[in-house]
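S.K.: Got a structure for you, questions after.
The values are calculated or read from the model by the stated rules, or taken from the named source; none is laboratory data. Keep in mind it's a predicted model, so treat the numbers as computed, not measured. For neighbour counting, all protein chains shown are included, and Cβ atoms are generated from backbone atoms with ideal geometry for every residue, glycine included.
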Ligand code: SF4
């Protein structure tokens with residue numbers, strides 16, 4: 001197989017754009033949430049400053065090798081997810097390293113970071129980290145089920161496992177989007193999307209108040225900065241997957257920005273309106289509401 | 001010394017017996033080291049600016065003054081717009097606000113939390129209790145001068161200071177950080193013996209390692 005080496009710098013360029021977009025978008029969303037609470041909110045560039053500061057802290061301590069690898073796994077989960085799905089449809093430059101069957105790989109990467117984090121935070125030995133992880137894994141697993149069903153349904157519908165081909169099949173008008181051709185799959189996936197974005201009502205994992213922020217309790221300095229980097233990349237990467245599968249992909253960067261913002265806003269809107277679920281409530285919620293939709297989606301195809 | 005901190009012999013699941021000395025085995029005993037600014041001037045200035053604009057406060061309230069920190073998160077005062085945020089864990093915090101009188105019992109927790117924070121870290125004393133004991137000046141159970149026990153960068157006076165005073169204090173702290181003068185963590189490391197002697201003089205049931213990382 002011959003490989004176009006130029007794709008690597010192009011992929012890095014995508015990464016760079018998405019990273020900056022992610023940092024700004026996260027700040028913007030924090031600002032929107034603050035405005036809902038009638039506050040002024042953080043400055044839009046606050047995330048950059050936090051990042052520089054955390055990389056600039058002088059001391060850091062480690063709890064062992066897995067602890068060290070946790071944020072690295074997490075970041076590679078985000079970067080991997082982004083790199084193996086095409087960001088901009090029809091552009092050779094930003095097709096990244098996508099290939100036939102990348103859909104399965106993307107599914108895997110969505111879960112990869114969580115697992116890495118679980119191992120790393122487990123080694124930090126902090127009880128709050130352990131609580132956060134057990135909550136996180138059960139919730140993410142429950143949220144992942146409807147998403148997996150929806151993805152299989154979409155794969156069956158288009159008879160392919162390649163994200164680019166799925167996007168290509170949806171071109172030519174809004175009515176070709178999976179949103180309209182397979183609404184049940186999209187509904188199931190969007191419900192699961194709420195669960196995996198770590199916003200209320202499903203943010204009990206990082207529970208900012210009761211168990212000090214869950215898995216990352218012991219993380220600081222550059223470890224935390226790595227995780228913040230991932231915070232910028234991973235949600236965008238996940239939204240990109242959703243955009244490609246269900247909302248017709250994007251053919252240019254402006255369209256990309258608008259679509260990602262709108263999809264992200266779904267979880268934000270839900271988040272500022274609803275209070276938080278406990279873990280068993282959210283697991284039940286996913287099984288009762290989202291899972292049947294996924295099953296229906298598979299049956300209908 | 002508490003019972004669970006005493007040396008004991010433990011039998012493992014595979015039947016091997018071994019000795020555990022919690023204070024030595026569960027904690028790292030090495031003293032803090034001085035960490036001078038490591039980079040060239042311009043990088044260090046960039047970092048100082050970032051440190052000043054991104055202050056993460058440890059959510060730990062000690063005296064009555066703690067109640068004056070809460071309004072800062074609300075729409076009326078909204079400290080977030082100055083880059084000030086609250087973190088629930090000492091590992092990620094940079095600023096420790098001692099918000100009022102410190103009883104000896106709380107001092108112990110404050111010291112442990114302070115030592116778990118990462119260099120560079122700052123301490124702000126809030127209210128007259130941290131300066132000279134305030135209205136608890138003759139109490140048998142509170143410390144009088146915070147500076148004897150932890151390296152204070154800045155005091156905010158009043159009993160109790162209004163949230164506006166806190167905001168003004170934070171702006172002053174930012175100026176200190178930007179100027180590279182907020183080196184409390186290094187002072188603590190340099191004068192470690194002195195601080196420890198002071199702390200041990202008031203804390204009688206000292207059942208923790210000398211330095212918690
Ligand atoms: S300075 Fe006044 S308000 Fe603050 S802790 Fe002391 S007595 Fe309370």
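S.K.: If residue B:98 satisfies every condition in (1) closer than 22 Å to residue B:178 by Cβ; (2) crowded, with 22+ Cβ neighbours inside 10 Å; (3) more than 9 Å from chain A (Cβ to nearest Cβ) but one, which is the exception?
M.R.: (1)
S.K.: Hey, does segment B:166-173 have a residue that's more than 19 Å from residue B:131 (Cβ to Cβ), out of contact with any strand residue (DSSP E or B) (no Cβ under 6 Å at 6 or more places or on another chain) and either surrounded by fewer than 16 Cβ atoms within 10 Å (Cβ to Cβ) or touching a residue at least 60 places away in the same chain (Cβ under 8 Å) (or both)?
M.R.: Within segment B:166-173, one or more residues are more than 19 Å from residue B:131 (Cβ to Cβ), out of contact with any strand residue (DSSP E or B) (no Cβ under 6 Å at 6 or more places or on another chain) and either surrounded by fewer than 16 Cβ atoms within 10 Å (Cβ to Cβ) or touching a residue at least 60 places away in the same chain (Cβ under 8 Å) (or both).
S.K.: Being more than 14 Å from chain B (Cβ to nearest Cβ), crowded, with 20+ Cβ neighbours inside 10 Å and farther than 19 Å from residue A:149 by Cα, is that true of even one residue in segment A:272-279?
M.R.: So far as segment A:272-279 goes, no, none of its residues is more than 14 Å from chain B (Cβ to nearest Cβ), crowded, with 20+ Cβ neighbours inside 10 Å and farther than 19 Å from residue A:149 by Cα.
S.K.: Name every residue in segment A:122-170 that is modelled with pLDDT of 75 or more and either outside any helix (DSSP H, G or I) or touching a strand residue (DSSP E or B) at 6+ places or on another chain (Cβ under 6 Å) (or both), in order of residue number.
M.R.: Of everything in segment A:122-170, those that are modelled with pLDDT of 75 or more and either outside any helix (DSSP H, G or I) or touching a strand residue (DSSP E or B) at 6+ places or on another chain (Cβ under 6 Å) (or both) turn out to be A:159, A:160, A:161, A:162, A:170.
S.K.: Going by what's in this entry, would residue B:47 be described as facing chain A (nearest Cβ under 9 Å) and more than 16 Å from the ligand (Cβ to nearest atom)?
M.R.: yes
S.K.: Let me ask something additional. What residue, among those in segment B:174-187 that are within 14 Å of another protein chain (Cβ to nearest Cβ) and touching a strand residue (DSSP E or B) at 6+ places or on another chain (Cβ under 9 Å), is nearest to the ligand (Cβ to nearest atom)?
M.R.: Filtering first and then ranking leaves B:184.
S.K.: Another question about this same structure. Can you tell me which residue within segment B:84-98, out of those that are in a strand (DSSP E or B) and touching a residue at least 40 places away in the same chain (Cβ under 8 Å), is farthest from residue B:173 (Cα to Cα)?
M.R.: B:98
S.K.: Also, I was wondering about something else. Based on this model, can you work out whether residue A:243 counts as assigned to a helix (DSSP H, G or I) and at pLDDT 80 or above?
M.R.: Taking the combined requirement at face value, the residue satisfies it.
S.K.: Return yes or no: is residue B:18 free of Cβ contacts under 8 Å to residues at least 24 places away in the same chain and within 30 Å of residue A:34 (Cβ to Cβ)?
M.R.: no
S.K.: For segment A:29-57, how many residues are away from every other protein chain (no Cβ under 11 Å) and buried (at least 18 other Cβ atoms within 10 Å of the Cβ)?
M.R.: Result for segment A:29-57: 1.
S.K.: Out of segment A:21-56, which residues are under 24 Å from residue B:48 (Cβ atoms), over 22 Å from the mean Cα position of the chain (by Cα) and in a helix (DSSP H, G or I)?
M.R.: Within segment A:21-56, A:49, A:52, A:53, A:54, A:55, A:56 qualify.
S.K.: Report, by residue number, each residue of segment B:134-157 that is more than 18 Å from residue B:195 (Cα to Cα) and within 11 Å of the ligand (Cβ to nearest atom).
M.R.: Matches in segment B:134-157: B:134, B:135, B:136, B:137, B:139, B:155, B:156, B:157.
S.K.: Out of all the residues in segment B:99-123, which are assigned to a strand (DSSP E or B) and either within 13 Å of the ligand (Cβ to nearest atom) or farther than 20 Å from residue B:158 by Cβ (or both)?
M.R.: As a first pass, look at segment B:99-123 and keep what is assigned to a strand (DSSP E or B): B:103, B:122-123.
Result: B:103, single match.
S.K.: Going by the structure shown, is residue B:72 within 14 Å of another protein chain (Cβ to nearest Cβ), closer than 30 Å to residue A:45 by Cβ and within 16 Å of the ligand (Cβ to nearest atom)?
M.R.: Values: within 14 Å of another protein chain (Cβ to nearest Cβ): yes; closer than 30 Å to residue A:45 by Cβ: yes; within 16 Å of the ligand (Cβ to nearest atom): yes.
Judged against the criteria, residue B:72 is a match.
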